[in-house]
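Please read the structure below before turning to the comments.
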Amino acid sequence: MGYQLDFGKVLQGEYLELILQGVQTTMVLFVLSWIFGLVLAIVLTVVRAIEFRPTQWLVAAFVEYHRNVPVLIQLFVWYFGFAVVLPDAVNDYLNEVGAEIGYAIVALALNKAAYMSEDFRSGMRSIHPAQMEAARSIGLTYLGAMRWVILPQAWRLALPALLGQTLILFKGTSLAAGIGVAELSYQARYIEEQSFRIFEAYGIATAIYMLICFAIMWLSSVLSERFRLRVK
């Protein structure tokens, strides 16, 4: 008798709880990484726009590292490498409170900040330099001009790319399983190993990923449409 599908054995009891916990952890990873990444991207954009070569080189080096090194390696650097330089007492405390998810958030946020900062930078390139000069001429400081004049326009111009990076970030949260974060793909693998229901475990995980990705894409289309109407 061949293999018979039975999703009911996975969608009940302990396995269902593990799936829900995995979804929750995935969303925590996604939301916090996105927030921290966006904030850092804005900081990087502002710093790189300053006419000071050392800071420009530092930001450029940061961006190139995170854009050219695989995300999984970046996760390993934080989880395994960073722990080496910390005192044992600190490592013990971090392990007790769940260091893996903290390191995953940091790694994903830094990686996404590098990409988002380039999106902001591309948006700023589309803004005529005279706008900065005009903002400064009416008494705004550099930071004031960036906050009230340049960045709001750069954000709107970079919106499609930022929404694309948001979708990539959500899918990239699955890489956190590589350092032991019990997100959705980690839980799917655990359920498969315990129940031997391979297709059911990964099929449910696939459906959840697709559902959330479609939700993000729908929200992206709504925001893009509203932005287009405002510009008119």
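The values are calculated or read from the model by the stated rules, or taken from the named source; none is laboratory data. Please read all numbers here as calculations on a predicted model, not as lab measurements. Ideal geometry is used to build each Cβ from the backbone, glycine not excepted, and the neighbour counts take in all protein chains shown. Only protein heavy atoms, including side chains, enter the accessible area calculation; ligands, DNA and RNA are left aside. Shrake-Rupley method; radii C 1.70, N 1.55, O 1.52, S 1.80 Å.
Residues checked against (1) at pLDDT 95 or above; (2) among the β-branched types (Val, Ile, Thr); (3) part of a helix (DSSP H, G or I); (4) touching a Cys at 6+ places or on another chain (Cβ under 6 Å):
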site	(1), (2), (3), (4)
Gln4	no, no, no, no
Gly37	yes, no, yes, no
Arg48	no, no, yes, no
Trp57	yes, no, yes, no
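The residue that is farthest from Ser174 (Cα to Cα), among those in the range 86-101 that are part of a helix (DSSP H, G or I) and open to solvent by less than 30 Å² (accessible area, probe 1.4 Å), is Asn91. Going by the structure shown, is Leu167 buried (at least 18 other Cβ atoms within 10 Å of the Cβ) and part of a helix (DSSP H, G or I)? In short, no. Checked against (1) over 29 Å from Trp155 (Cβ atoms); (2) of a type outside the set (Phe, Trp, Tyr); (3) over 15 Å from the mean Cα position of the chain (by Cα), Leu72 passes all but condition (3).
For first residues located in the range 185-208 and under 14 Å from Asp6 (Cβ atoms) and free of Cβ contacts under 8 Å to residues at least 40 places away in the same chain, partners that are of a type outside the set (S, T, N, Q) and open to solvent by 40 Å² or more (accessible area, probe 1.4 Å) and lie 6+ apart or on another chain with Cβ distances below 6 Å form the pairs Glu192/Ile198.
So that you can scan it fast, the table gives a plain yes or no per residue for (1) modelled with pLDDT of 95 or more; (2) surrounded by 15 or more Cβ atoms within 10 Å (Cβ to Cβ); (3) hydroxyl-bearing (Ser, Thr, Tyr):
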{"position": "Gln194", "(1), (2), (3)": "no, no, no"}
{"position": "Tyr209", "(1), (2), (3)": "yes, yes, yes"}
{"position": "Ile216", "(1), (2), (3)": "no, yes, no"}
{"position": "Ser224", "(1), (2), (3)": "no, no, yes"}
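Taking Gly139, is it part of a loop (DSSP other than H, G, I, E, B), without any contact (Cβ under 8 Å) to a residue 12 or more places away in the chain and not charged (D, E, K, R)? Yes; evaluated as a whole, the condition is true for this residue.
With respect to Arg136, determine if the residue is at pLDDT 85 or above, open to solvent by 70 Å² or more (accessible area, probe 1.4 Å) and more than 20 Å from Pro70 (Cα to Cα). No: the conditions fail for Arg136. Set side by side, the residues Arg147, Arg125, Arg67, Arg121 differ, and just one is touching a helix residue (DSSP H, G or I) at 6+ places or on another chain (Cβ under 8 Å) and open to solvent by 80 Å² or more (accessible area, probe 1.4 Å), which is Arg67.
Taken over the range 16-61, the criterion of being aromatic (Phe, Trp, Tyr) and either farther than 23 Å from Ile179 by Cβ or open to solvent by 50 Å² or more (accessible area, probe 1.4 Å) (or both) is satisfied by Trp34, Phe36, Phe52, Trp57.
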